[in-house]
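The values are calculated or read from the model by the stated rules, or taken from the named source; none is laboratory data. Quick caveat, the model's predicted, so the values are computed rather than measured. Cβ coordinates were reconstructed from backbone atoms using ideal geometry, including for glycine residues, and neighbour counts include every protein chain displayed.
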Amino acid sequence: MTPSPGTTAELLAKGELTVRGRIREASNAALYCTVVQGEREAACIYKPVAGERPLWDFPDGTLAGREVAAYEVSEATGWGLVPPTVLRDGPYGEGMCQLWIEPDPEPGPDDGLLALVDGEEPGEGWKAIGFAEVGEGRTALLVHADDERLRRLAVLDAVINNADRKGGHLLPAAGGRLYGIDHGVTFNTENKLRTLLWGWAGEPLTAEATGVLATLREGLADGGPLAATLSELITGAELDATRARVDALLASGRHPEPGGEWPAIPWPPV
Ligand SMILES: Nc1ncnc2c1ncn2[C@@H]1O[C@H](COP(=O)(O)OP(=O)(O)O)[C@@H](O)[C@H]1O
Ligand SMILES: [Mg+2]
């Protein structure tokens, strides 16, 4: 999709891209860059398609295309959970370019999103993910915050079929914003939902989420704007599977529960 003039997406797509450094811990080539367009400047991460390692279970499309598709779905929800992300050409060829999110400069004392607790109950303000081995034969309960931003992200992940929602992919930012990143392994036609955000599994969707899913259904219908955008980024079968996931969520009215054939929790969780 052509980004609208004046938007961050346009700056990312059209600005002059300069590589500043390589992100070491990344599993695929990921470069920290700046983009400059006239007076405007931003930091971003650029992941060239040429630097992608092939994945046996994601034989079609590209990680970059799926990252942009995840952003487009997030935009269609109106929740703004994924930083602006575009496909563009760069010094190492076509790739994805995503706005760099600076960590929240003033995190509050109650801003923790994940924790390990003793005992079997998550405690007030937390939701249980599952039991985790914490060494020496001891287990502890892994929990995530009962936070409406995470709950929205859980719905987005169910729609995009995110196979890798771990703690390091949650970025709290200034102003109480929370972003999810690293959406290369998404949109598979098979259920691969692998996430920490299982705290609402089986619970009714909020009325807000149901409304958003209905909007997504319209956008994803044949000839709908989201369908048109996604058809450039993922395969036709993946688009059909996305529609089917939205329909299934609306039909059940509940957050999905772990499937079984796939490890449901990313490990390590951070
Ligand atoms: N948009 C972003 N804003 C801030 N930090 C980011 C962003 N994207 C990635 N990072 C940082 O770079 C690391 C590697 O990026 P990630 O998307 O996880 O790459 P990979 O696909 O190789 O796992 C992340 O763990 C995070 O610390
Ligand atoms: Mg990663």
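Tabulated results
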{"read-out": "Any chance Pro3 is more than 18 Å from the chain's Cα centre (by Cα), more than 16 Å from ligand 2 (Cβ to nearest atom) and either among the aliphatic types (A, V, I, L, M) or assigned by TED's automatic domain parsing to the domain that holds Ala227 (or both)", "value": "no"}
{"read-out": "Unique residue being farther than 21 Å from Arg151 by Cα, loosely packed, with under 13 Cβ neighbours inside 10 Å and either in contact with a strand residue (DSSP E or B) (Cβ under 7 Å, 6 or more places away or on another chain) or not assigned by TED's automatic domain parsing to the domain that holds Phe58 (or both) when the list is Gly236, Gly260", "value": "Gly260"}
{"read-out": "Tabulated pairs, the range 2-30, first of a type in the set (D, E, K, R), second within 16 Å of ligand 1 (Cβ to nearest atom), C-beta under 7 angstrom, 6+ apart or interchain", "value": "Glu16/Val35; Arg20/Tyr32; Arg20/Cys33; Arg20/Thr34; Arg22/Leu31"}
{"read-out": "Filter pass, Pro48 being in contact (Cβ under 8 Å) with a residue 60 or more places away in the chain and over 22 Å from Thr189 (Cβ atoms)", "value": "no"}
{"read-out": "Entirely in the range 131-211, the strands (runs of 3 or more DSSP E) that have 2 or more residues that are surrounded by 20 or more Cβ atoms within 10 Å (Cβ to Cβ)", "value": "139-145, 177-180"}
{"read-out": "So Leu156, is it in contact (Cβ under 8 Å) with a residue 12 or more places away in the chain and either within 16 Å of ligand 2 (Cβ to nearest atom) or over 26 Å from Glu102 (Cα atoms) (or both)", "value": "no"}
{"read-out": "Filter result for Ile265 (at pLDDT below 95, within 17 Å of the chain's Cα centre (by Cα) and away from ligand 1 (no atom under 16 Å from the Cβ))", "value": "yes"}
{"read-out": "Checking Arg88 against (1) at pLDDT 95 or above; (2) under 27 Å from Val155 (Cα atoms); (3) in contact with a helix residue (DSSP H, G or I) (Cβ under 8 Å, 6 or more places away or on another chain), the condition it does not meet", "value": "(2)"}
